[in-house]
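Submitted below is the structure of interest, expressed as structure tokens.
None of the figures in this text is laboratory data; all of them are computed from the coordinates on show. What you see is a predicted model, and the numbers here were worked out from it, not measured in a lab. Methodologically, a virtual Cβ is constructed for each residue, glycine included, from the backbone with ideal geometry; neighbour enumeration extends over all protein chains shown.
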Amino acid sequence: MTTTIGATVLGYPRIGPRRELKRAVERYWSGAIDAPALHAVGAELRAATWLDLRDAGLDSVPGNTFSYYDQVLDTAVLFDAVPQRFRALGLSEVDTYFAMARGHDHAPPLELTKWFDTNYHYLVPELGPDTEFRLVGDKPVAEYREARALGVTTRPVLLGPVTFLLLAKGDRRLDLLDRLLDCYAELLRTLAAEGVEWVQLDEPAFVGDRSPDDLAALRRAHERLGALTDRPKLLVTGYYGDLGPALDVLASTPVEAIAVDLVAGPVPALHSLRDKTVVAGVVDGRNVWRTDVPAAVAKAAMLLGTAGEVAVSTSSTLLHVPYDLDAERSLEPGVRERLAFARQKVREVVHIAQALRGAVDAGRALGVTPRRDDHVRARIASLRPAHRERAPYAERAAAQQARLGLPPLATTTIGSFPQTSAIRTARADVRTGRLDEAGYVARMREEIGRVIALQEDIGLDVLVHGEPERNDMVQYFAEHLDGFATTEAGWVQSYGSRCVRPPILHGDVSRPAPITVPWSSYAQSLTDRPVKGMLTGPVTILAWSFVRDDQPLAETAAQVALALRDEIRDLEAAGVRIVQVDEPALRELLPLRADDHAAYLEWAVGAFRLATAGASPATQIHTHLCYSEFGEVIDAIDGLDADVTTIEAARSKMEILDDLRSTGFGRGVGPGVYDIHSPRVPDADEVVSLLTAAVRAVPGSRLWVNPDCGLKTRGYAEVEPALRNLVTATKQVRASL
Ligand code: GLN
Ligand code: ZN
């Protein structure tokens, strides 16, 4: 008997509805449980997922979507792409796997990087000309058997061979394709022998711009795998966007099915799809909104004349959405009705597939609309270009210098100080009611006082309050703005065992009351030195939230920007002379295709300027960016028009300064002089040599000295000596100017 794909999803969350996997993995790392106990938790989670997906009525249930850490790492290990430094450790299989993810003794881990334009991060396989791929693992086969033993037939999901190579690092890695294809062929044969009917190969790398060589590799791969005689049927996916020319390529190969993301891209009308099954990704796999079922049915129906057969699915894997809306008990009505998490989306897919077959009615579109705020809308409508313009930089710089009187090579930090367990306990206690509001404020003030005194003692020039009141730089603002909801259990995997709970931006955004002003003005009242107000920028707030999809992002960003603009005005009124607006996600949200960059940067930069341009010329606006590969956004950084930009640079040895110089960037810049991502304390000499290089590129009056990110994940044992060394080094370099 052969089955069609019918209703399916392309992937599913795996961390556990209550983060069971996170807990088990972390307990395993700490030695609290052994490998069999860890594997038992994995097996239980897999079983629950398979049974749930089958019972929900999916015709085809994805398999091999589980991972103890990351699916790219799984693929590397499956094909034996294990760098020598990990083999040399002589660890067990599972410990070698975790060593690659987290590092071990003198073996630094694989690099962690962003997975396409999502907030998931994968481990970058390291390949070289002498990488010998061998099929050494059997995870996809073992999980297929495991599901079958439970009575569930699954469709093993594999990372596609070309995407695997493109995501890896190593020169000329496409040269390894043929060897890798031998391994995929062997795996497909094994799966066929096991009785597997369908296999899914994910090739999301092809929703971005790809070279002719990449496309040729895609063709070669799927022609070769398609030509195998003893193989399962192949479903190739390319999600998070439009496959563009890759769709023609795939359509001309012998693969039986292609999944297209119809949330991010258009409905294709290719003749060559006539003998294929086209899997219509009509339920948004990346966002949390309920699907307009009649519209989705109509969209899928557009394929009926084009495709040999039409199946229904999510637009992408569901990895990026929380498990289950039913776990939320306190979402406000009016918002809740508009939401669907992974479990609900599975049921939507089933409903749409049935409606497409005419078996049930599509029902009616959802009647609930987003919260509307006419005051905010009127403000946006009345905006003029001047709302995004500040006075010329020279004028601002003079006014700021007159007011602040800072020395050359001014020293500062990025905002947060270590989040001690006392701080976390206080935040948790005020949530549960164990600590009253007054008691909480007293504790936070005590902490702010300590952090201010420490910074004065160290001798920093521009101080921060330390952000003790913030659980997370986006969630904190979401909790204080109207138009956002936060969830209790809406966790999604960010990487490995690390999960985040993105806020849900569901309606028009406004600020009911000042947010940071009481903390910042209190901090400023304790010292004569300037204290920086600390805000998260509009782009980052959008990037790390689930955002309404009923209006352009530009409009939503402008609403957030207006709220921040008001906050800056209130900070100024409270005597704060410097405000930092963090945009660590500016580059993260960059669209996958170059054609879309300009439009994105225009609204992103525009939102930042709208947030900051209401500040008086004498108020110094800082921004902080969190990455070092600036290539594509360097003009945008200039366009932000911030008075001071602090950036990650320690690991790239100040190369960023040359890049900035080449754009004519002429404002203040603070290249991070030490890497806070590592517990290592830099000595003063090391900082001196970086600063000596920096003063050659930037005049001292515009050069700032700071760590390369916030200090919240570090401990005082490292932070204090590191900052003291930073100040010592600065004094030394200043003296030589
Ligand atoms: N101000 C924030 C902090 O210091 C910035 C964090 C970030 O760049 N991710 O924590
Ligand atoms: Zn940062």
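Given the Cα atoms of the range 20-356, and with Rh set as the inverse mean 1/r over their pairs in the Kirkwood sense, what is Rg to Rh to two decimals?
0.96
Say R0 is 30 Å: what FRET efficiency, to the nearest 0.05, do residue 632 and residue 111 get from their beta-carbon distance?
0.95
Using a Cα distance threshold of under 29 Å, what count of lysine pairs results for the range 20-356 when pairs must be 8 or more residues apart or interchain?
For the range 20-356, the number of qualifying lysine pairs is 17.
Per residue of the range 429-445, what does 6.51 cos²θ - 1.76 cosθ + 1.60 with θ = phi - 60° give for ³J(HN,Hα)? Whole Hz please, x for Gly and Pro, Karplus curve as stated.
5, 6, 5, 7, x, 5, 10, 7, 4, 5, x, 5, 4, 4, 5, 5, 5
Search the structure for amide H atoms under 5 Å from the amide H of residue 289, placed 1.01 Å from N in the peptide plane, and list their residues when 5 or more places away or on another chain.
Distant-sequence amide H within range of residue 289: 340.
Express in nm, to one decimal, how much length is gained between residue 383 and residue 602 on full extension, taking 0.36 nm for each residue of separation and deducting their alpha carbon distance.
Between residue 383 and residue 602, full extension yields an extra 77.3 nm.
Can you give me the C-alpha center-to-center distance between the range 102-162 and the range 366-410, rounded to a whole angstrom?
45
Note down the net charge around residue 43, summing +1 for each Lys or Arg and -1 for each Asp or Glu among other residues with Cβ under 14 Å from its Cβ. Kindly include the intermediate steps, with their values, before the conclusion.
On the way: positive: 14, 46, 139, 145, 148; negative: 20, 44, 143, 146.
Value of the local net charge: +1.
Check residue 373: other-chain or 5+ apart residues with amide H under 5 Å from its amide H, H built from backbone geometry?
The answer is 508.
Sticking with the crude label model, points 7 Å out along Cα→Cβ, report the distance from residue 179 to residue 453 in nm, one decimal please.
About 6.2 nm, to one decimal.
In addition: Can you compute the modelled spin-label distance between residue 661 and residue 399, with each label point 7 Å from Cα toward Cβ, in nm?
Label at residue 661, label at residue 399, 3.1 nm between them.
Classify the range 104-189: rounded, prolate or oblate, from the alpha-carbon gyration tensor (a ≥ b ≥ c, eigenvalue square roots; a/c under 1.5 rounded; otherwise prolate if a/b is larger than b/c)?
Prolate.
May I ask for the percentage of alpha-carbon pairs in the range 145-279 that lie more than 18 Å from each other?
Cα-Cα pairs of the range 145-279 separated by over 18 Å account for 53 percent.
Could you tell me how far the Cα centroid of the range 486-506 sits from the Cα centroid of the range 608-648, in Å?
Each part's Cα centre sits 27 Å from the other's.
What is the gain in length, in nm to one decimal, between residue 361 and residue 142 on full extension, counting 0.36 nm per residue of separation less the C-alpha to C-alpha distance? Before the final figure, lay out each step's value.
Details: separation 219, 0.36 × 219 = 78.84 nm, distance 3.93 nm.
Taking residue 361 through residue 142 to full extension adds about 74.9 nm, to one decimal.
From the P(r) of the chain, could you give the percentage of C-alpha pairs in the tail past 47 Å?
When all Cα pairs of the chain are counted, 22 percent exceed 47 Å.
At a 10 angstrom cut-off on C-beta neighbours, averaged per residue, how do the peptides 571-582, 154-165 rank from highest to lowest?
Per-residue mean Cβ counts within 10 Å order the peptides as 154-165, 571-582.
Between the range 18-56 and the range 231-268, what is the separation of their alpha carbon centroids in Å?
32
May I pose another question? For the pair residue 34/residue 689, report the inter-label distance in nm, with labels modelled 7 Å from Cα in the Cβ direction.
Placing both labels 7 Å beyond Cα along the Cβ direction yields 4.8 nm.
Mean residue ellipticity at 222 nm from the helices of the chain, using -39,500 (n - 2.57) per DSSP H segment of n ≥ 4 over the full residue count, to the nearest 500 deg cm²/dmol?
-12500 deg cm²/dmol
Would you please put 339-347, 690-698 in order of how densely packed they are, using the mean number of other Cβ atoms within 10 angstrom per residue and starting with the highest? Spell out each step's value before the answer.
On the way: 339-347: 22.1, 690-698: 18.0.
Highest-to-lowest ranking by the protection proxy: 339-347, 690-698.
Here's a follow-up. Could you run the Karplus curve 6.51 cos²θ - 1.76 cosθ + 1.60 with θ = phi - 60° over the range 276-292 and give me ³J(HN,Hα) per residue in whole Hz, x for Gly and Pro?
Ordered by residue, 3J(HN,Hα) equals 10, 8, 9, 8, 7, x, 9, 9, 4, x, 10, 10, 9, 7, 5, 7, 7 Hz.
Suppose the chain between residue 80 and residue 724 were pulled fully straight at 0.36 nm per residue; how much longer would it get relative to their current alpha carbon spacing?
Result for the pair: 227.3 nm of gain on full extension.
Taking θ = phi - 60°, what integer Hz values does the Karplus form 6.51 cos²θ - 1.76 cosθ + 1.60 yield along the range 195-200, in sequence order, with x for Gly and Pro?
Values, residue by residue: x, 5, 8, 10, 10, 9 Hz.
What residues qualify as long-range amide H neighbours of residue 155, i.e. H under 5 Å apart, gap of 5 or more or another chain, H built at 1.01 Å from N?
Sorted by chain and number, the residues that satisfy this are 61, 63.
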